[in-house]
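To keep things clear, I will list the structure first and then write my remarks on it.
The values are calculated or read from the model by the stated rules, or taken from the named source; none is laboratory data. What you are looking at is a predicted structure, and each value in this text was computed from that prediction instead of being measured. Cβ placement follows ideal geometry from the backbone for every residue including glycine, while neighbour counts extend to all protein chains displayed.
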Amino acid sequence: MPDSPALPYDVIVCGAGHAGCEAALASARTGARTLLLTGNLDTVAQMSCNPAIGGQAKGQMVREIDALGGEMAINTDLTGIQFRLLNESKGPAVQSPRAQCDKKAYQFRLKHTLELQPNLWLFQATVTGLIFSANSAGAGRSVVGVRTNLDLDFFGCSVVVTTGTFLRGLMHIGQNKNEGGRLGDFSAKTLSASFLEAGIELQRLKTGTPPRLSGRSLDFSKMEPQYGDAAPTLFAFHDTRDPEPLFHVEHPSVAGVTLREERLGWSPGQAQVPCWITYTTERTAQLVRDNLHLSAMYSGEIEGTGPRYCPSIEDKFVRFADKPRHMLFLEPEGRATNEFYINGLSTSLPFSIQVEMVRSIPGLERAELLRPAYAVEYDFAPPTQLFPSLESRKVDNLFFAGQINGTSGYEEAASQGLIAGVNAARKGRGEAPLIIARHEGYIGVLIDDLVTKGTREPYRMFTSRAEHRLLFNHGSAEMRLVHHARTCGLLSATRLARIDAKAARIFAEVQRLEQTRPASSLGLGQGTWGDHIRHTLARGSAGLAPELAAKVELPLPSEFADLAKEERAEVLYRVAYAGYLAREERHVARLSEVEKIKIPADFDYDQVRGLRAESLIKLKASRPVSLGQAGRISGVNPADLSVLMVYLETKRRRAKDARTTHPTPEKS
Amino acid sequence: MELTQAEAVMDLIHARSERALAAAQRQLQGELGRFLGELINATILTLSQIEVYIDFPEEDLPVENRRQVVEALENVLRGTVRLLATQAYGDLLRDGVKTVLLGAPNVGKSSLLNALVGTERALVSPEPGTTRDYIEERLHVGPHLLRLIDTAGINPAPGVLEQRGMAKTAECLSRADLILWVMDAALPCPTLPPEFAQHIRPDKTLLVRNKIDLVFGQNLSDEDLVQIKGLDLDLPLDVSAVTGVGLGELRAAVIDLVDGLRPAFFAEEQIAINARHADALRRAADALQAALSGLTAVPPLPIELISGDVRAGLDALGEIAGRVDNERILDALFANFCIGK
């Protein structure tokens, strides 16, 4: 392995969680020689909290990851043990795939993927510090490598940091405290000092996880089963995917033998297992109330801010005291284990109380706890210190992804990892960064929110964060992002060609349905096929949900029927929602005008007359890259934007006039 | 935002005096800001009640209450429309109260106008139908500025020329803030054609019985009473443009009626929104109306489309009071619903 300053890696990725794995794969797949360092190779891509991928907004993000050549989607499809499409009764834009995964299978398959990836080297070592040098311009600094606990230094042109909850991780169970980012794991204690040395501000966040239970001690007859969908919605775009050697955890690839997805015994979506639903009782509530003073979160032991959308059971009973019971889900952790995750019972109460609490719940009366619930506090670097490329504003060539940026969730982490990995590789080659615009997908919304607004709690994606979510139906991810995948070399030529062909079929069919009329012999009356589809769907009890179009009582033309199922769904969505989607596109077009107006990095806001003092302070602090980004900073109002816009536009015109009237600059 | 718009705002900032800007700012912080703030908070709360069922389909939430959402949106819409009405009051202050003189030919509308104005601005002749086009005159009545619009008379059997004049009259009536309907005390009042009658509303119409000097003491005919009652109007004011009898009472009645046009809810601080505010409020009202139509349609529109309309309404309100960040919707959502597993 190349490990001297004379021969550095192109990219070093620190951490092999969901962010680190995508970063390393994306970097290596675009041709950069990449080193992935992890404190423990046996916990690569570990699901530290619940064993599930996807859900509202997150499911759409996973499909976007697949559209950009990432691994999370296919890995979920091949290790998922239950698949459900959420919000099936609502419109396609807000439908999201979700899967329970086999936790160990997920890890093993992803580790194997990393091992097989050309251009990627793995090594087990804990990063203890960064190695800096003065940057080329002489101002500020750049990162050139990392130090590890083994006293081995590694050098790289770019470094991606994905520390998860490990940066000064501190776990709480009641009054009990243990250093570590995850139960049974270590804490990265010295790396924080490197960030502080480089002037990177750090703050604390908190998150928590519930107890794990032994399946043999549970009485499922007292719980309600929740099954997967009979026809599972998968995450990867299998219809355009290359017939690449895809391998399965139970059938590792053998030298010389190409294994294909369809040949595997555990094919995606088959032999699903249920989750189980139960509820807390009055006794549970009483236990929480009586012991609140022992909870780490309520006794002042924890300084970090926790997520509101993932409250501890203490929070639920205190903040919503009038709600008599809370719903809990028992999620299986895999096929080859009897361990269950109890979703909804996150807590930092002492272990003895946890046991009593669990046993106050129907079906769990004799439950054996395999692991306690705990809360974990960790350092994060407020992401407003980043460029939209995820590169640090303070240190050149240093990229951040995942929980260190204040996010929560595997999907949020993986999305950032992919972008950071691509951009770290591109930076080394002197190429422009990959930036997904806010109107192109959830990944764009995620990163723009982070770098523009920052976050006060672990940031999770919701569909309501996206202004243009009507455009973000999960099935359109490939078509929305294919231009980026092409520019950055994230997909094979074969797959790009398949996506192009698919898009062409969809556009052509939409156009045909909008322009042709049913034969009069069908007796449907006036109007194009599009009009008839809209009319029929609007009358239906399910609103306009095209997924139900199979039931549409229209003799749709054979050209339509000949398309693949996913293509038919996309065509119907575009036809049924045509007016709304067009309105959204117009809105985007209007907004993207301001995105195009760039603000130079060294722009002097003090020159601009008419800005309010509050806006001036905010703009100088966050230094937006475009007028569009400036508009999303809270406290910067439309009048300030107008002032800024006119100033920038006037300056641009003057510069242009100067160029046209003086083609050769005068010498003085 | 387009560049021209941006430039307009710049003009406002630079060209106008500091005091004008400060005054606008005060208004935003004052009554208008407070009222808008309430509308925005109500919209955010409603949006959170919609979004929670979209973003948290797996939660143990109370049964969705669309009726409550509809009522809340109707309230916001009413508030928006009320606020919009203050633009009309602003116009009223600036441009004057659009006052239409209506009546049969030769009842003395022009004479009455002249008596009120005190000049010979309108052409007066004993020949019926002299005023075929409409002319405008401004006069102060008490604290109010009236923009008088004299119209062609009502003619039961109009010629081509008169027909054109009558179409214009109907248009004037539809836009009038105040209608002075003049009748001849000596003659039976002709029946108003339906295209005129539809614009006659008791809150903006004063009935005037001119030429009272010719028939002093004579009562209204039963036919006239039936028509007046049918239109829900008060009994006419008796005046004479020639002798000046009743003109004082007419002025008092006009002042009283115009006072009533002023929106009642901004008692202390006057709110008179400007054209930019009105544009944003109109778009907010349209978006809220669209959301309500979607909610009450059978079957209702998919909820994410309704949410889009509500969000558009919120954004439009935010153009006046300051952009509403998505985070505020989530704040409301987490404050009101027990979310999280």
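The table below gives the values:
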item	result
Subset of region A:634-644 [touching a residue at least 24 places away in the same chain (Cβ under 8 Å) and touching an Asp or Glu at 6+ places or on another chain (Cβ under 6 Å)]	A:634
Unique residue being buried (at least 23 other Cβ atoms within 10 Å of the Cβ) and either touching a strand residue (DSSP E or B) at 6+ places or on another chain (Cβ under 8 Å) or at pLDDT below 95 (or both) when the list is A:351, A:340	A:340
Test set (1) at pLDDT 85 or above; (2) crowded, with 16+ Cβ neighbours inside 10 Å - residue B:273 fails condition number	(1)
Unmet criterion (only one of (1) touching a Phe, Trp or Tyr at 6+ places or on another chain (Cβ under 8 Å); (2) of a type in the set (A, V, I, L, M, F, W, C); (3) crowded, with 17+ Cβ neighbours inside 10 Å; (4) at pLDDT 95 or above) for residue A:220	(3)
One residue from A:564, A:582, A:578 being touching a residue at least 60 places away in the same chain (Cβ under 8 Å), farther than 25 Å from residue A:449 by Cβ and within 14 Å of chain B (Cβ to nearest Cβ)	A:578
Check on residue A:480, modelled with pLDDT of 85 or more, part of a loop (DSSP other than H, G, I, E, B), in contact with a Phe, Trp or Tyr (Cβ under 8 Å, 6 or more places away or on another chain) and basic (Lys, Arg)	no
Residue pairs meeting the criteria (Cβ under 8 Å; at least 6 apart or on separate chains; first in contact (Cβ under 8 Å) with a residue 12 or more places away in the chain and within 26 Å of residue A:391 (Cβ to Cβ), in region A:604-633; second buried (at least 18 other Cβ atoms within 10 Å of the Cβ) and small (Gly, Ala, Ser))	A:619/A:630; A:624/A:630; A:633/A:622
Criterion: touching a residue at least 40 places away in the same chain (Cβ under 8 Å), at positive phi and out of contact with any strand residue (DSSP E or B) (no Cβ under 9 Å at 6 or more places or on another chain) - qualifying residue of B:260, B:244	B:244
Hits in region A:390-427 - residues which are over 13 Å from residue A:158 (Cα atoms) and surrounded by fewer than 24 Cβ atoms within 10 Å (Cβ to Cβ)	A:393, A:394, A:406, A:408
Residue that is farthest from residue B:314 (Cα to Cα), among those in region B:66-97 that are modelled with pLDDT of 90 or more and of a type in the set (S, T, N, Q)	B:68
Exclusive hit being over 22 Å from residue B:56 (Cβ atoms) and within 14 Å of chain B (Cβ to nearest Cβ), set A:426, A:465, A:438, A:495	A:438
Condition check for residue A:554: part of a loop (DSSP other than H, G, I, E, B), at pLDDT below 80 and away from chain B (no Cβ under 14 Å)	yes
Within region A:337-368, considering residues that are assigned to a strand (DSSP E or B) and either out of contact with any helix residue (DSSP H, G or I) (no Cβ under 6 Å at 6 or more places or on another chain) or among the hydroxyl-bearing types (Ser, Thr, Tyr) (or both), the one farthest from the other protein chains (Cβ to nearest Cβ)	A:339
Residue check, residue A:457 within 14 Å of chain B (Cβ to nearest Cβ) and part of a loop (DSSP other than H, G, I, E, B)	yes
Strands (runs of 3 or more DSSP E) wholly inside region B:98-190 that include at least 2 residues being at pLDDT below 80	B:135-141, B:144-150
Candidate set: region A:617-647, residues that are more than 21 Å from residue A:445 (Cβ to Cβ) and of a type in the set (Val, Ile, Thr); chosen: the one nearest to the chain's Cα centre (by Cα)	A:617
Only listed residue being touching a residue at least 40 places away in the same chain (Cβ under 8 Å), within 24 Å of residue B:51 (Cα to Cα), small (Gly, Ala, Ser) and touching a helix residue (DSSP H, G or I) at 6+ places or on another chain (Cβ under 7 Å), chosen from A:59, A:70, A:129	A:59
Hits in region B:326-341 - residues which are of a type outside the set (Asp, Glu) and either in a helix (DSSP H, G or I) or more than 8 Å from every other protein chain (Cβ to nearest Cβ) (or both)	B:326, B:328, B:329, B:330, B:332, B:333, B:334, B:335, B:336, B:337
Odd one out for residue A:61, checked against (1) closer than 15 Å to residue A:443 by Cα; (2) away from every other protein chain (no Cβ under 14 Å); (3) among the hydrophobic types (A, V, I, L, M, F, W, C)	(2)
Residue selected from region B:194-210 under the condition outside any strand (DSSP E or B) and more than 15 Å from the chain's Cα centre (by Cα), by the criterion surrounded by the most Cβ atoms within 10 Å (Cβ to Cβ)	B:196
Residues of region B:307-325 satisfying the condition of being more than 10 Å from chain A (Cβ to nearest Cβ) and buried (at least 23 other Cβ atoms within 10 Å of the Cβ)	B:310, B:313, B:314, B:317
Yes/no for residue A:296 being farther than 30 Å from residue A:455 by Cα and touching a residue at least 12 places away in the same chain (Cβ under 8 Å)	no
Filtered residues of region A:301-320 (kept if surrounded by fewer than 16 Cβ atoms within 10 Å (Cβ to Cβ), of a type outside the set (Phe, Trp, Tyr) and at the interface with another protein chain (Cβ under 10 Å from one of its Cβ atoms))	A:319
Residue within region A:434-450 that is on the phi < 0 side of the Ramachandran plot, surrounded by fewer than 23 Cβ atoms within 10 Å (Cβ to Cβ), out of contact with any His (no Cβ under 8 Å at 6 or more places or on another chain) and assigned to a helix (DSSP H, G or I) present	yes
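Let's see how each residue does on (1) surrounded by 11 or more Cβ atoms within 10 Å (Cβ to Cβ); (2) in a helix (DSSP H, G or I); (3) modelled with pLDDT of 85 or more:
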{"position": "A:575", "(1), (2), (3)": "yes, yes, yes"}
{"position": "A:587", "(1), (2), (3)": "yes, yes, yes"}
{"position": "A:590", "(1), (2), (3)": "yes, yes, no"}
{"position": "A:610", "(1), (2), (3)": "yes, no, no"}
{"position": "A:629", "(1), (2), (3)": "yes, yes, yes"}
{"position": "A:642", "(1), (2), (3)": "yes, yes, no"}
{"position": "A:649", "(1), (2), (3)": "yes, yes, no"}
{"position": "A:665", "(1), (2), (3)": "no, no, no"}
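For every residue, the table says whether it meets (1) crowded, with 24+ Cβ neighbours inside 10 Å; (2) modelled with pLDDT under 95; (3) within 14 Å of another protein chain (Cβ to nearest Cβ).
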site	(1), (2), (3)
A:35	yes, no, no
A:38	yes, no, no
A:47	no, no, no
A:53	yes, no, no
A:77	yes, yes, no
A:96	yes, no, yes
A:116	no, yes, no
A:128	no, no, no
